[in-house]
Structure formats: structure tokens, C-alpha cells
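S.K.: My questions will all concern the structure given below.
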Amino acid sequence: MKKNNGREGRAGLIFFVTMIILLVVYFIATRSGSAIPEISYTDFLEYIKASKVTEVYIKDNSTVTGIIQASNGQTSRFQTEIPYDDESLMERLLSAGIVVSGGKTRESFFTILLSYMPWLITMFFIIFMMRQNSAQGMKGMQFGKSRARLFDTSGKKIMFEDVAGQEEAKKELAEIVDFLKTPKKYQEMGAKIPTGVLLVGNPGTGKTLLARAVAGEAGVNFLHISGSDFVEMFVGVGASRVRDLFEQGRKMAPSIIFIDEIDAVGRARGAGLGGGHDEREQTLNQMLVEMDGFDNKAGVIVLAATNRPDVLDPALLRPGRFDRQVTVSLPDLKERCAILAVHAKKIPLGEDVVLEKVARATPGMSGADLANIVNEAALFAARKEKKTVDFCDFEEARDKVIMGVARDSMVMPEKERIMTACHEAGHTLPYYYLKHASPLHKVTIIPRGRALGLTVGLPKEDSYSHTKGWLLDQLVIMFGGYAAETVVYGETTTGTQNDIQQATSLARRMVCEWGMSDEVGAVTYGQEEEPIFMGREIARHKEFSEYTAQQIDSAVRKILDDAKARACNILSEHRDQLDLITNALVENETLDDADIRKLLGFPAEGVVVE
């Protein structure tokens, strides 16, 4: 349909341009025809009396064209119009001995077309405008149509085997696929397949990829749409699109409807100050009805993805709508290794590359982060014009993703460079005197991102919770830069701002959320930080007294003061080692764990316990 409209538009444009060209030709032709000088009829009669006219041509008994001969023998052409029926003209011409000829004009089709050209162009313009208005009207009628796109099954399909890791999520989704392929065995047992499955997980964990794998495995019609495609500024459009979407799904049954980022339309109702009767809530209400209304929706399964399940309306999550919530978690060590292997298939790896080693050095990273690391490593190797991607390229790529892009062109004054090295050395040294801290990965004074220097530690293995001891050691490391500047220079710089912010935030969470303060106790006081878009805190008062607020502030201050004191004690007792690391950073700019252990004379494995 779109192709025909395009052809009609091109044909209309060609016709319109042709008409314009013919019109220009017409005006040129008519004007060029009047190039002969025109004289009055009275002068023409005087020239006849004076015997100056030698020859005339009478056209249509209305126009006379002739030749005048001057006294010096030169001739010139003239033209005149006969203003009235002069019956004596022919006698005058013959008596004067003038050669007379004449004829009647026969208009060609081209001449007739040119004469009617202005009218044709006007009519064509009116018809063109009417058709345009009609097309706009049809487009307006389709404004409430769904923007869902049918998944193209003709190309290469993504299957479950192409998705590394996420075995539990794939099991849940495989049951949905099996029902769509063989619904009879479930119906014979009286079982009902879930009408909706919600994929929940952090950004980059592969929710959309799993949905595409479901489309490839199921082999049924797969409609996919984004949650933001429903919401428009015009009231009622979103609800109309929801109705049209589910109507398409029922016509194509068995089918799967995939709604990506459903939190754009599925947020809890009644939020905010504007009341509940708005476009987004009407769209949500229509979706609730379509998913579990009176109509039979057999053969239509709704698949949705979000990384904010906490903001979704409870009615959307109840059984009968989204019966299952499939958690798509961050990959563990084994899954990270598998993900790296999938993405590394496309690049030539060097002999020293061990993907398991790369996976161990990337804890807490999502599948998207790992794909980015592989791509960045390939880019680094290409810039160096290498034939293979070596392990050092993966190291550089990981540092870029973790610490940011190195600003090698930035030139710092030598004094600030030494102070930055001292600050980062203060972060580095506590790693080797704290029992619960993660091993140091790398320290650098090369500016990366917005930081003038960075100290990064990486855990030896994946961890899903942290002890109070680990958190307190993290606070000591955060205050290491502040303590180093205090011990060496007796004052601090503005470079401690981010460290203090992070330390304060962590200490407040320890007190208010995790019950890690003896003064306050195991009570949660974090609800007042709930985001305002949920609208619930508008009608809620503060849930603790001013006395409790003072206790919280006192407990947070005590934790921070203790961490700062521990950091100062470690750096003061080992001032010589602090100076060694500072000087080494000034000279080399970047040090890793092995470099520092060699510099301080520590063993290659293990840490020095405080």
C-alpha cells in the first residue's frame, strides 16, 4: 500500500512539472509571435496611399502582415489589426498594385493544449489538494492504531542456545514456548498456561534478548512494541492502541505480544497531584481489561520487560495478568565466561587470552558490559594494527569500562600531580592492612573521566551480600585519600569531595537500612527517601521523631569518625610506605597489585593483616 502511494506521488509530481514547462513554452511562443513591429490601422492606410506597401498577408480577415519599402530602398515588416469590417480594403490594395495573399489559421492540438494550460493546472492543483486532505483524514483515522511490529521470522533466528547463561529464566520461558507448540497436553491435564510473563532484571542483563529467543523458539506470530508507544498527548489514543494491539494478537493466535519497558505505561495509579483521570492511567486501565477481562484471550500470551518492577501497579502483577515474574539476574562467573565466549567468536583471539581470567576480573558486570569489553578490546587491537586481540587489550578495555576514558592530553602542574599521587596512595595502602577488604586491582594518577586519579579494588569471587566488617573497611579505604592529605600536608583539598559523599551515603544506609548501629538498633528509617514520582510520600508524615533523627545523625557521624581515625592511624604508622607508593605513582603513573607488593616487599599472595 505504501509503495502505491509513493508511485502516485511521483507520477503527480512529474505531471505537475510537465504542465509548468508547457506553460512556460506557451508564454514564450505567444510572446515570440508578436516580435513583428505593430502599427496603427490609420498609418497602414497612409502607407497604401503613399505606395510604400509592396506585399501583404491577411490572416483570418483580422490581422494584416506586410512589407514596407522606404524611399532609400530598404524594406521592413509590419503588423496591424483590422479594427472593423472594411469592405473597401481589398479594392485599395488591388488598385495600388499590392501583392495580396491570405489564409485561415488551423490550430494544432499542441496550440489548443497550450491555450487551456492555465485552466488545466488550476484544476490539477485543486484535485491534488483534495487528495492530500483525504490522505490526512485517513491518517488521522489511523492515529489510534497500534504501532506493534510483527517479528520477521524470515531472517536468522535467535534461539535459547544463543543466549549464554540465564538457565532458570530459559526454563520458565521454554514452558511457554512448549504450550504454544503443543497446547493439547496441557489442556488434557486441565492446566492453564500463564497469560502474562514479566521479565525483571537490571539494565543490560538480556531481557530483550530472551524475548527475541522466545520468538525464535516458538515459531508463532510475535508482536513487539515499546511501552512508550502507547502514551500520546491526546486522551484516548493509548487505550485505543491497546485495544488494537490485543485485537491483532487474537486474530493471529496463537501469538505472543512483547511489551518492552512496560513501566512507561504500567506505573501505579493515583500517583502525583493531577488526579487519576489522565491519558496514561486510561491506557493502563485498558491494558488491565484486555489481559483479564470477560473476553476469551486463549492463545495470546503477553511478555513484558522492565527494570523497575517496584513502580508497577499492583493490579498488573496479580495472578491472571502477569502470573509469573522471571528474574533475569546478573551473570555469575560461569555465565560471564559463557557470555564472553559468545561475543569473542567474532574476533581473532591471541594465544595468551584466557576468557575465564577475564571473567574473574569482571564481577558484577552485566551481559551488555561484557559485550562492550570485548568490542573495546577489538577496537584497541585495531588501533594498534595488530592481527589478534591479546590479553593486554582486554585489560585496557576493562579499565576503560570500570574507570573511564584516560585523558592522556591533560597536563597537571607538578605540585598538583604529586598531591594527587599522595591522595591515591592513601587509598591504596589500607588495602594491605585491612582484613575484610577486597584485593587491590589498580591505582593510577592518569585522569579518567571526571576524576584526577583512581584506585580500584576487585573481589576474588562473586558476592551477593556484604558483612559489616567489609563495609567498615570500605569506609576506611574511602577516607584514605582524606587521611593521606591530612598526614602529609596538614590540610585537605577539594579532591576529597566525592570520597566524603560516598562514605556518608554508605554510613547512612548502614544505620537507616541495614541496622548496623548499636545506638539506633535494627530499625529501618529509609522510607522518607522514596522517589516523589510514586506520590505516596505526599500524604505520609515523617515516621520518626526529631530525637530519633538526632540519634541517626550521631550514629552516622560516629561511624565516619571511626573510619577516618583508622585510616589516619594506618597511614601514620606506615608513613614510609605511603611515601614509597607516592613516589612510584609520580614516576610510573599506574601501578597494579603485583607492582605494589614488589615495591613494599609483601608476598605475592594474601594480605597483611592489621
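S.K.: What pairs in Lys345/Lys468; Lys207/Lys558; Lys170/Lys192 have C-alpha atoms more than 31 Å from each other?
M.R.: Numbers: Lys345/Lys468 42 Å; Lys207/Lys558 43 Å; Lys170/Lys192 19 Å.
The pairs that break the limit, which is 31 Å between Cα atoms, are Lys345/Lys468; Lys207/Lys558.
S.K.: Explain nothing, just the number: relative contact order of the stretch 397-507, from Cα pairs under 8 Å at least 6 residues apart, as a whole percent. Provide the component values of the computation, followed by the final result.
M.R.: Values: 133 pairs, mean separation 30.9, N = 111.
Computed value for the stretch 397-507: 28 percent relative contact order.
S.K.: Could you give each residue of the stretch 80-87 its phi-based ³J(HN,Hα) in whole Hz, using Karplus coefficients 6.51, -1.76, 1.60 with θ = phi - 60°, and x for Gly or Pro?
M.R.: Per residue, the Karplus-derived 3J(HN,Hα) values read 8, 9, 7, x, 8, 7, 8, 6 Hz.
S.K.: If the cut-off is 13 Å between C-alpha atoms, which aspartates and glutamates fall inside it for Lys442, apart from same-chain ones fewer than 8 positions away?
M.R.: Leaving aside aspartates and glutamates fewer than 8 places away in the same chain, those within reach of Lys442 are Glu395, Glu396, Asp399, Glu424, Glu589, Asp592, Asp593, Asp595.
S.K.: Follow-up question, since we're still on this one. Using modelled backbone amide H atoms (1.01 Å from N, in-plane), which distant-in-sequence or interchain residues come within less than 5 Å of Phe258's amide H?
M.R.: Correct list: Leu223, His224, Ile225, Leu303.
S.K.: So, one more: What's the ranking of 460-473, 369-382 by average number of surrounding C-beta atoms within 10 Å, highest first? Walk me through the numbers on the way to the answer.
M.R.: On the way: 460-473: 13.0, 369-382: 20.2.
Per-residue Cβ counts within 10 Å, averaged per peptide and sorted highest first, yield 369-382, 460-473.
S.K.: Setting aside same-chain residues fewer than 8 positions from Lys334, which aspartates and glutamates have a Cα under 19 Å from its Cα?
M.R.: Glu161, Asp162, Glu167, Glu168, Glu356, Asp369, Glu461, Asp462
S.K.: Let me ask you something else. Mind ranking 352-363, 417-428, 88-99 by how tightly packed they are, going by the mean number of other C-beta atoms within 10 angstrom, highest first?
M.R.: Numbers: 352-363: 17.3, 417-428: 25.0, 88-99: 13.2.
Result, highest mean Cβ count within 10 Å first: 417-428, 352-363, 88-99.
S.K.: Something else about it: May I ask you to order 486-492, 249-255 by the average number of other C-beta atoms within 10 Å around their residues, highest value first?
M.R.: Details: 486-492: 14.1, 249-255: 17.0.
Per-residue mean Cβ counts within 10 Å order the peptides as 249-255, 486-492.
S.K.: If you don't mind, another one. Which of the aspartates and glutamates could a cross-linker span from Lys185 if the Cα-Cα distance has to be under 15 Å and same-chain partners fewer than 8 positions apart are dropped?
M.R.: Glu175
S.K.: Net charge near Thr496: determine it from the other residues with C-beta under 11 Å of the C-beta of Thr496, scoring Lys and Arg +1 and Asp and Glu -1. Could the numbers behind the result be given before it?
M.R.: Numbers: positive: Lys564; negative: Glu485, Glu491, Asp499.
My count for the surroundings of Thr496 gives -2.
S.K.: Here's a follow-up. With just the Cα atoms defining each centre, how far is the stretch 323-343 from the stretch 391-463? Give it in Å.
M.R.: 28
Every number in this text was worked out from the coordinates using simple rules, so none of it is lab data. Note that the coordinates shown come from a computational prediction; the quantities given were computed from them, not determined experimentally. Neighbour counts run over all protein chains shown; Cβ positions are idealised from the backbone, glycine included.
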